[in-house]
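What follows draws every value from the coordinates through simple rules; no lab data is involved. These figures come from a predicted structure and were not determined experimentally. Every residue, glycine as well, gets a Cβ built from its backbone with ideal geometry; the counts of neighbours run over all protein chains shown.
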Amino acid sequence: WSFIETQRYSIIYPSGLDSLASVYARLLEQVAEPVGRTLGYSANGMYSKRMPVVLHTRTASSNGMVTWTPRRMELLTVPDAYAPEATPWERQLAVHESRHVAQLQFGNERCFKVFNILFGQITTGALSGIYPGQVFLEGDAVRAETALTSAGRGRTADFLEYYRLSATEGEFRDFWQWRYGSQRLYTPDYYRAGYILSAGMRSYLGVPDFTERFYGRIHEHH
């Protein structure tokens, strides 16, 4: 394994893939500030130590992960051969996962300092489940990738098509069915429900800084 260090990240990758690592290093730094402009945090902005980013280059699946136990980002760099995204895969990962990094910065606010001392990095993971939750986190990240690229999932016709059909044909679901799925009724995954929640709040209420206001209430009111 080898590594490249940038201002915010330590990119860890299999030896011999320096060019690929350089691409991700450049993109992650490039989007670190833009992904946080409507959030109130930049990617890794609340930490002085670089965040580890592990590149998995020999996998059959395509995905990314941000976790705080220990704090790191993991990127599966092989694009999906069967359901490719319109956005170049490396940019898709950089924007989406960087938004997650920015989202979880609130766990290092001063009001949570005691919990971080007592319980370590698991504090942020627990807080992310208590406050924003998985639906909000993923939906907000999809909204960010849609706003910051020319072909994010929110711009893809089939991403929200089932919602349009279910509404016009009267096949409604309650929130919990959209969130957790349904054994009886086909229900798309929570990425779509979260995107409608996040993008809908911003658009319908006219508050482009909706996510920043949400996180602001957490640390301002403890």
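What fraction, in whole percent, of alpha-carbon pairs in the range 1-124 exceed 23 Å separation?
More than 23 Å apart: 31 percent of the Cα pairs in the range 1-124.
Ranked highest first by average number of other Cβ atoms within 10 Å, how do 96-102, 211-217 line up?
Numbers: 96-102: 27.1, 211-217: 16.4.
Result, highest mean first: 96-102, 211-217.
Taking the Cα atoms of the chain alone, what are Rg (to one decimal) and Dmax (as a whole number) in Å?
Both quantities, over Cα of the chain: 18.0, 55 Å.
Using each residue's phi in the range 177-193, evaluate 6.51 cos²θ - 1.76 cosθ + 1.60 at θ = phi - 60° and report the 3J(HN,Hα) Karplus result to the nearest Hz, with x for Gly and Pro.
5, 5, 6, 9, x, 8, 6, 8, 10, 4, 9, x, 6, 6, 4, 5, 4
May I ask you to list the chymotrypsin sites (Phe, Trp or Tyr not before Pro) in the range 1-99 that are in a DSSP loop and have at most 11 other Cβ atoms within 10 Å of their Cβ?
Numbers: sites: TRP1, PHE3, TYR9, TYR24, TYR41, TYR47, TRP68, TYR82, TRP89; in loops: TRP1, TYR41, TYR47, TYR82.
The qualifying sites are TRP1, TYR82.
What's log10 of I(q)/I(0) for the range 45-102 at q = 0.17, 0.24 Å⁻¹, Debye sum over Cα points only, no solvent?
Computed log10 I(q)/I(0) values: -0.57, -0.99.
Which one of TYR204, LEU39, THR149 has its Cα pushed farthest toward the positive end of the charge dipole of the chain, where Lys and Arg give +1 and Asp and Glu give -1 at the Cβ?
Of TYR204, LEU39, THR149, it is LEU39.
Translational diffusion coefficient of the range 105-211 at 4 °C, 1.567 mPa s, Stokes-Einstein with Kirkwood Rh over Cα pairs, in µm²/s as a whole number.
Answer from the Stokes-Einstein relation: 83 µm²/s.
Please compute the Kirkwood hydrodynamic radius of the range 56-139 from all pairs of different C-alpha atoms, in Å with one decimal.
Evaluated on the range 56-139, it is 14.1 Å.
Could you tell me the center-to-center distance, by alpha carbons, between the range 90-155 and the range 35-84 in angstrom?
Here the answer is 10 Å between Cα centres.
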